[in-house]
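Worksheet for the structure shown next.
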Amino acid sequence: MKKLLTFFILALMVLGASSAFAGSEKVVIAHRGASGYLPEHTLEAKAAAYFMEPNYIEQDLVMTKDDKLVVLHDHYLDRITNVMEKFPKRFRMVDGSKRWFAIDFTLAEIKSLKVTEGFKIVDGKKVQGYSARFPMFTSSFEVPTFEEELQLIQGLNKSTGKNIGIYPEIKAPWFHRAEGKDISVAALKTLKKYGYTSKEDKVYVQCFDPIETKRISKELLPKLGMDVKVVQLIAETSWNETMVLKNGKFIPYNYDWMFEKDGMKKVAEYADGIGPWKPMLVKSESTSDNLIITDMVKDAHANGMEVHPYTFRLDNGRIPQYAASYEDMLDIFFYTVDVDGVFTDFPDRAVKFLRRAEAQRQGL
Ligand code: G3P
Ligand code: CA
């Protein structure tokens, strides 16, 4: 009888979990929306992601010339729009290459651009980054503002009765500061306006810049009467993701301290979680018979932090050699490495995997 009762309780938990995955401690974060299927960060990619029922949908934030927050991964526009054709002279030279920076354009100008699947220029031609994804420059997409996206997700939360969260990233605060803009204050004020103010709200604020993440946590959130969860993203120093001014020159921020023995203890002084790159948790030279797992998850958990690594993709060449498939890769990270969530371009597959795996683990 007791067994039968346990079965019904577990079954009810799983049925309850069918809406937005409630009941599971592990989470799926739709990385740039359902970006494996539609151009990243478009409202279409976010609406598609929403109906795949991840726990959170990600927004990368940058600022326009007229101080509006837009949802864009890069702080330049030339990888995913027709800005080069529309505004051929409005570039800056960066390391010998032309780059069209979002901060040099007004929102109205950015809204006039066509958004496409990402590409790079090879021998003067546009070559799609992920060739099997949505075809370049087809259909019609635009860059959304942060507010448009919040209205979309909150509107869907109302019309569906679900509660899918958001996961905004403050992009390159050091760059915005150098341009005279405080992107963190603008982003936090917008979150407050839309009711995301406490750790109970379904929001994580993420940032790669440790100086800024600390500032957000220790200075800005208390000042604004907010207390949302904060995630420290972790980069390799060599990526030049975060820069600091030294003697009037920008040099790369050195992330080495995060990989030292007390690194996670130090991060936990100001963050609720970490967002590491997958190879920081499972070394790339691992094989299926010999997974080389670092101490980062263990240390983060020991210091009370959640761990949400990036980015889980199933495109050609994106599954590490130690995993047999996308699902096998998820299995390794969720159940051997014990991460708490994953950023993925394919949220449908991750949600399906996790629902099945959690049900199996509960013996259903
Ligand atoms: O923010 C988590 C993940 O998105 C980090 O990588 O470069 O895609 O923003 P990126
Ligand atoms: Ca991001």
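Here are some notes:
- Per-region count, the range 84-113, residues over 24 Å from the mean Cα position of the chain (by Cα) and assigned to a helix (DSSP H, G or I): 6
- Within the range 49-67, restricting attention to residues that are among the hydrophobic types (A, V, I, L, M, F, W, C) and surrounded by 22 or more Cβ atoms within 10 Å (Cβ to Cβ), the residue that is farthest from ligand 1 (Cβ to nearest atom) is M63.
- Annotation note: Cβ proximity below 7 Å between a residue of the range 186-200 that is over 15 Å from Q151 (Cα atoms) and a residue that is modelled with pLDDT under 95 (sequence gap 6+ or interchain) occurs for no pair.
- Scan of the range 34-82 for residues that are away from ligand 2 (no atom under 14 Å from the Cβ), among the hydroxyl-bearing types (S, T, Y), assigned to a loop (DSSP other than H, G, I, E, B) and over 23 Å from K181 (Cα atoms), ordered by number: Y37, T42
- Only one of the numbered conditions (1) within 16 Å of ligand 2 (Cβ to nearest atom); (2) touching a Lys or Arg at 6+ places or on another chain (Cβ under 9 Å); (3) not aromatic (F, W, Y) is violated by Q206, and that is (2).
- Exactly one residue out of V115, V83 is in contact with a Pro (Cβ under 9 Å, 6 or more places away or on another chain) and at pLDDT 95 or above, and it is V115.
- Residue match in the range 299-319 (condition: part of a helix (DSSP H, G or I), polar (S, T, N, Q) and touching a residue at least 40 places away in the same chain (Cβ under 8 Å)): no
- For the range 248-298, a residue qualifies if it is touching a strand residue (DSSP E or B) at 6+ places or on another chain (Cβ under 7 Å), surrounded by fewer than 20 Cβ atoms within 10 Å (Cβ to Cβ) and part of a strand (DSSP E or B), and the qualifying residues are F250, I251, P252, W277, I293.
The values are calculated or read from the model by the stated rules, or taken from the named source; none is laboratory data. These numbers were taken from a predicted model, which means no experiment stands behind them. Cβ: placed from backbone, ideal geometry, glycine included. Neighbour counts: every protein chain shown.
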